[in-house]
Amino acid sequence: MKISHDIYAEMNPAFCALLLETFFDAYIRTVNRSPDLPLVYVALPLLLSDDYIPLFEGTNKTTGLREWLKRSPNYDLDIHIRLNGSLNIVTEALQFGCFSGYLELTEKAQLSLGFNSFKKSKIRKIDSDLLRVVKCAERLGCWFAEAGSTKAVFDIMGLTV
């Protein structure tokens, strides 16, 4: 039996905006402040990668970024290529999210939840593989928030700007 994988469904701006909204919501609930814009350009490529999603198995909101990376020693292979290659996808997701009212970008380059939100009843009906990614977005939002700052996340992940 041949299994079809719909990359377009995963990369479309609406689905990516859902992932970002979920990420923001978890981040804000964890530390009561919004994430900085650069974190989105790290988070979304991780969530869209079929190589990284399996690394979330056996984790939960309390696992933490350092522990997750410790358990995933090969996470950084080609990460710079993934981040650079996904710039347009992340930007389109941000634009869709902001124009649709799901996200809001402040003057200080912080992101927050907008006046709209994706309906939970509709989210639960998403394909199980895509729903798995949404749950990973929530975990990643918690982990990035608990890291303390954008600089801390970058340092922990071995990234430089």
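Look through Ala109, Ala137 and report the one residue that is closer than 23 Å to Phe56 by Cβ and of a type in the set (Gly, Ala, Ser).
Values: Ala109 fails: closer than 23 Å to Phe56 by Cβ.
Exactly one residue qualifies, and that residue is Ala137.
Are any residues in region 27-52 under 11 Å from the mean Cα position of the chain (by Cα), in a helix (DSSP H, G or I) and farther than 16 Å from Thr150 by Cβ, and if so, which ones?
To start, the set of residues in region 27-52 that are under 11 Å from the mean Cα position of the chain (by Cα) comprises 27, 39-49.
Then keep just the ones that are in a helix (DSSP H, G or I); that gives 27, 39-48.
Within region 27-52, Leu47, Leu48 meet the criteria.
Could you list, ordered by first residue, the pairs with Cβ atoms under 8 Å in which the first is in region 71-91 and in a helix (DSSP H, G or I) and surrounded by 10 or more Cβ atoms within 10 Å (Cβ to Cβ) and the second is at pLDDT below 80 and hydrophobic (A, V, I, L, M, F, W, C), at least 6 apart or interchain?
Cβ pairs passing all conditions: Ile89/Met11.
Please specify each residue of region 108-141 satisfying the condition of being more than 18 Å from Ile28 (Cβ to Cβ), open to solvent by 60 Å² or more (accessible area, probe 1.4 Å) and either aromatic (Phe, Trp, Tyr) or in a loop (DSSP other than H, G, I, E, B) (or both).
Lys119, Arg124, Lys125, Asp127
The values are calculated or read from the model by the stated rules, or taken from the named source; none is laboratory data. All figures in this text were calculated on a predicted structure; none of them were measured in a lab. Ideal geometry is used to build each Cβ from the backbone, glycine not excepted, and the neighbour counts take in all protein chains shown. All accessible areas refer to the heavy atoms of the entire protein, side chains included, with ligands and DNA or RNA removed. Shrake-Rupley method; radii C 1.70, N 1.55, O 1.52, S 1.80 Å.
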